[in-house]
1. Condition (residue is away from chain A (no Cβ under 11 Å) and within 16 Å of the chain's Cα centre (by Cα)) applied to the stretch B:30-44: is it met by at least one residue?
2. So which residues in the stretch A:45-74 are facing chain B (nearest Cβ under 10 Å) and touching a Ser or Thr at 6+ places or on another chain (Cβ under 8 Å)?
3. Please verify whether the stretch B:89-96 includes one or more residues that are more than 14 Å from chain A (Cβ to nearest Cβ), touching a residue at least 24 places away in the same chain (Cβ under 8 Å), over 19 Å from A:ASP49 (Cβ atoms) and touching a Phe, Trp or Tyr at 6+ places or on another chain (Cβ under 8 Å).
4. Going by the structure shown, is B:ALA77 more than 14 Å from every other protein chain (Cβ to nearest Cβ) and within 17 Å of the chain's Cα centre (by Cα)?
5. Looking at the stretch B:57-82 only, could you name the residues that are in contact (Cβ under 8 Å) with a residue 40 or more places away in the chain, out of contact with any Leu (no Cβ under 8 Å at 6 or more places or on another chain) and more than 14 Å from B:TRP7 (Cβ to Cβ)?
6. Counting residues that are surrounded by fewer than 19 Cβ atoms within 10 Å (Cβ to Cβ) and acidic (Asp, Glu), which helices (runs of 4 or more DSSP H) fully inside the stretch A:1-85 reach at least 3?
7. From the list B:LYS97, B:LYS36, exactly one residue is over 30 Å from B:SER10 (Cβ atoms) and out of contact with any Lys or Arg (no Cβ under 6 Å at 6 or more places or on another chain). Which is it?
8. When the stretch A:38-73 is examined, which residues are found to be among the aromatic types (Phe, Trp, Tyr) and more than 23 Å from A:ARG16 (Cβ to Cβ)?
2 protein chains.
Amino acid sequence: MNVDSRWSPSEKKVARRAFDAALEAALGKTMTEFKKKAGDVATPSDMWDIEDYLRQQRRTIDQMFDYRYSQLIVVFATLIREGYLDESQLAGLSEDKREEMRRFLAWHARE
Amino acid sequence: MNVDSRWSPSEKKVARRAFDAALEAALGKTMTEFKKKAGDVATPSDMWDIEDYLRQQRRTIDQMFDYRYSQLIVVFATLIREGYLDESQLAGLSEDKREEMRRFLAWHARE
């Protein structure tokens, strides 16, 4: 069976909603950080640092938010670990998927 | 005679002071603009626009502020045109240099 078909229509709905909420949280957090940093800029060098900060943030967010069903378990686990998602927002996903996510999180927590 | 030797020690002093003052003015203006733009950021897309804006500004300033004696006449004329330098700050340069600058400015004003 292909990866996509492991996800039922109702699971896809849950996944999409959780993904979008986490993306909004990540962007919101970055905007808050950015505003703080921009407000603190006192020298040209501080200002150029913001360019580097934004480039880095954009790259990190682009890499983290990968909506492919083949990646989604690891993506959600990462978003939980980063604080952008709460496990409760994934209620509705099959138990085997949530278990896989927990194993990933437990494995990372050991590091 | 090489280009460098066209500039007397006292002219080099005047040039360096004017150049540094103009650079400070350009960076100050960019910082003010940046702070305004950053304060106005309301969406993630606005925020990523700031990255582009800063990259562009950094490149423009790097290109404009070229302290080579072979370039300095055109550089100063450009800085006057952009409002970062007043001709009076170049008092002490030889009349032929100031004349060359004025010709450059007049030529550009015609465009």
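1. Checking the stretch B:30-44: not a single residue is away from chain A (no Cβ under 11 Å) and within 16 Å of the chain's Cα centre (by Cα).
2. Hits for the stretch A:45-74 are A:MET47, A:GLN57, A:ILE61.
3. yes
4. Judged against the criteria, B:ALA77 is a match.
5. B:GLU82
6. Numbers: elements: A:9-40, A:44-64, A:72-81.
Helices (runs of 4 or more DSSP H) meeting the threshold: A:9-40, A:44-64.
7. Result: B:LYS36 is the single residue among B:LYS97, B:LYS36 that is over 30 Å from B:SER10 (Cβ atoms) and out of contact with any Lys or Arg (no Cβ under 6 Å at 6 or more places or on another chain).
8. Selection gives A:TRP48, A:TYR53.
Read-outs: derived from the displayed coordinates by stated rules, not from any lab. Predicted model only: the values in this text are computed from it and were never measured. Note: ideal-geometry Cβ built from the backbone for every residue, glycine included; neighbour counts use all protein chains shown.
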